[in-house]
Amino acid sequence: MPEEDRLVIPVDAVRDGVNRDPEFAIAGRFWNARIRFYTNEADEYFMQIEKGMVTDFRKGTDGYQSSTIYVGGPRATWRAILEPMPKRFCNDFFPAAIHAGMRLGGDLSSLYAYYGALQRIAAVMRAEVNRSRA
């Protein structure tokens with residue numbers, strides 16, 4: 001598959017951006033999670049959060065990473081979510097799950113308790129993806 005068709009997220013910039021984000025610092029304090037972000041077309045990213053800090057964010061898998069939370073769906077929906085001005089229902093993972101084919105799952109207690117932090121991850125992803133395109 002050509003690289004331009006893949007979902008490309010600048011993992012270092014997102015990790016650093018999330019760790020610098022003051023809203024994430026509040027919403028994600030005490031959070032421990034392993035999040036798998038994926039597309040239906042086989043793009044995968046894994047984020048490790050320990051005590052409210054992103055300690056690792058990487059593209060791909062070695063086949064052994066387990067996740068406590070997963071967020072995924074069609075590549076087209078991911079692209080819509082990551083647009084600078086997302087269209088209606090693609091401004092966040094939850095409405096996109098209801099209206100655009102995204103999936104949220106895993107440890108739902110953690111996901112819902114820290115959903116504000118997940119929203120901040122999406123906002124930082126959006127900013128960094130668009131910064132890398134410029």
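Only the coordinates and a few stated rules stand behind these numbers; no lab work does. Just so it is clear, the structure is predicted and the values come from calculations on it, not from any experiment. All Cβ positions, even for glycine, are placed from backbone atoms using ideal geometry, and neighbour counts span all protein chains on display.
Could you grab the relative contact order for region 3-129? Cα pairs under 8 Å, six or more apart, rounded to a whole percent.
For region 3-129, the relative contact order is 28 percent.
Could you give the C-alpha radius of gyration of the chain expressed as a fraction of 2.2 N^0.38 Å, taking N as the number of residues it contains? Don't jump to the answer; show the numbers that get you there.
Details: Rg = 13.6 Å, N = 134, 2.2 N^0.38 = 14.1 Å.
Cα-based Rg divided by the globular estimate yields 0.96.
Residue 7's amide H: which non-local residues (gap 5+, or another chain) put their own amide H closer than 5 Å, with H modeled 1.01 Å from N in plane and none for Pro or chain starts?
Counting only residues 5 or more places away or on other chains, the set is empty.
What is the local net charge at residue 70, summed over the other residues whose Cβ is closer than 14 Å to its Cβ (Lys, Arg +1; Asp, Glu -1)?
Overall, the nearby charge balance is 0.
For region 108-122, just list the computed ³J(HN,Hα) in residue order, Karplus coefficients 6.51, -1.76 and 1.60, θ = phi - 60°, integers in Hz, with x standing in for Gly and Pro.
5, 4, 5, 4, 6, 5, 10, 4, x, 5, 5, 4, 5, 4, 4
Give a residue-ordered list of calculated ³J(HN,Hα) values for region 35-51 (Karplus: 6.51 cos²θ - 1.76 cosθ + 1.60, θ = phi - 60°; whole Hz; x for Gly, Pro).
10, 9, 9, 8, 10, 5, 9, 5, 7, 9, 9, 10, 10, 10, 10, 10, 6
How large is ³J(HN,Hα) for each residue in region 79-96, as worked out from phi by the Karplus curve 6.51 cos²θ - 1.76 cosθ + 1.60 (θ = phi - 60°), to whole Hz, x for Gly and Pro?
4, 5, 5, 8, 5, x, 10, x, 6, 3, 6, 10, 7, 7, 5, 5, x, 5
Using +1 on the beta carbon of Lys and Arg, -1 on that of Asp and Glu, and nothing else charged, what's the dipole of region 3-129 about the Cα centre, debye to 20?
On the way: 16 positive and 17 negative charges, 73 e Å.
Its charge dipole is roughly 340 debye.
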